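Worksheet: the structure to be examined is printed underneath.
Derivation of every value follows stated rules applied to the coordinates shown; laboratory data play no part. Just so you know, these numbers come straight off a predicted model, no measurement behind them. Reconstructed Cβ throughout: ideal geometry from the backbone, glycine too, with neighbour counts over all protein chains shown.
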Amino acid sequence: MFIKKLVGLLIVGLYCLVIAVALSEGPMVSYLSLFLGFIGLITLTILVSWIAKAIKLVDLPDGSRKQHQGAVPLIGGLVLFISFVYGAAVFGIDPFYQFVIISLAPILIVGTIDGIRDNGAPISFRIIAQILASWIVILLTDVYVRDLGDLFGQGTVHLGQFGIPFTIFAVVGMCSAFNMLDGKDGLTASVSVVIISSLLILLYLNGIIYNWGLILILSLGVFLAFNLNLFGTQRKIFLGEHGSSSLGHLIAWNLVYLSQSTDFITPVSALWFVFFPLTDALLTIMRRIRIAQPITHPDRRHLHHLLSDYGLSDRGILFFTIFISILAATVAVVLNLLGISEYYLFYGYLTIICCLWLLTRNEF
């Protein structure tokens, strides 16, 4: 046991050394830094898991919504944050994304407290943290949704300074959507990988190397290895509220930046990139309103619960979700490349929402 701990500490030391070199000498892209980052992230995940269990930062089964076995560390968000910092230091990213990483602090702090407390942090605290995180990005970068594109076919819809509260509302909503999706192993992280991969492909086809996207995908890959038990059930970890909300925050700001500060994607196509989490959240909220239930009250009214009730296995639900996400992301990439009119994308999405509502409104 002592030898294993010593080896682990040596790997962590090498991991920190690479970060120190990168910070002092600028981006250092090499196979060595990639290898050390991968090994270091695995090692740190194991070490942080031990700490999480010691301080009770774990998720316990309740026999209803939470049907896993044993106490599972809620450290996914913290581990991903460490990986993002490492990747940004070593490989170099656009300054905008550096500020987005910084903005995660309020979400991580409140989410970690929520995981440790028996009754969790009040939902108002979590929303305030998400609002504060969005304000940090806006104040440091002056990036927010200034227009919605040709949403209705009558010309560009300009928001002006009203775009600031609109952006905050949209980002907080996306945090909630990704948090709602986090009900089965691998769902939120896998959907995030699909979204980021589609953006990476789109930018590559436009001649842009998307380092930030590569960092996100590699980091999420390590998390999924633990979350899907590839290192054994005893090494399993969950994203936690802070992890799922952080992913929603990151992806929302990716889409805001690319649609407002570049011409690679249109604002309306963002609906298609985040098709599954957004659609799941909207339908869930609509069902809760229909039965006069608070929209923030957790329940089993999500699409993955519906699929589970139909007899689909957890892996089947994961593959189905990934398939739908890939399909929607492909639509978004192709339509952006072809320059299809934005109002077609908007009205097309509304049509799908209406059809899904009519098909599922009586299922719960």
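Computed from label points 7 Å out along Cα-Cβ, the spacing between Leu60 and Ala225 is 3.2 nm. Of the residues Lys184, Lys56, the one with the fewest other Cβ atoms within 10 Å heads the list, and the complete ranking is Lys56, Lys184.
Between Arg290 and Ile127, the modelled label-to-label distance comes to 2.3 nm, taking each label 7 Å out from Cα in the direction of the beta carbon.
Calculate the tail of P(r) for the range 220-364: the fraction of all Cα-Cα distances greater than 19 Å, expressed in %. When all Cα pairs of the range 220-364 are counted, 63 percent exceed 19 Å.
By count of other Cβ within 10 Å, fewest leading, how are Met180, Met286 ordered? If you can, show how the numbers build up before the last one.
Values: Met180 21, Met286 16.
Going from sparsest to densest Cβ surroundings: Met286, Met180.
Using the Cβ-Cβ distance between Ile51 and Ile209 with R0 = 35 Å, the FRET efficiency computed as 1/(1 + (r/R0)^6) comes to roughly 0.45.
Among Ile138, Ile326, rank each residue by its count of other Cβ atoms within 10 Å, from fewest to most, as a rough exposure measure. Walk me through the intermediate numbers first.
Values: Ile138 19, Ile326 16.
Listing Ile138, Ile326 from fewest to most nearby Cβ atoms yields Ile326, Ile138.
The packing ranking, built from the mean of other Cβ atoms within 10 Å per residue, places the peptides 308-321, 160-173 in the order 160-173, 308-321, highest first.
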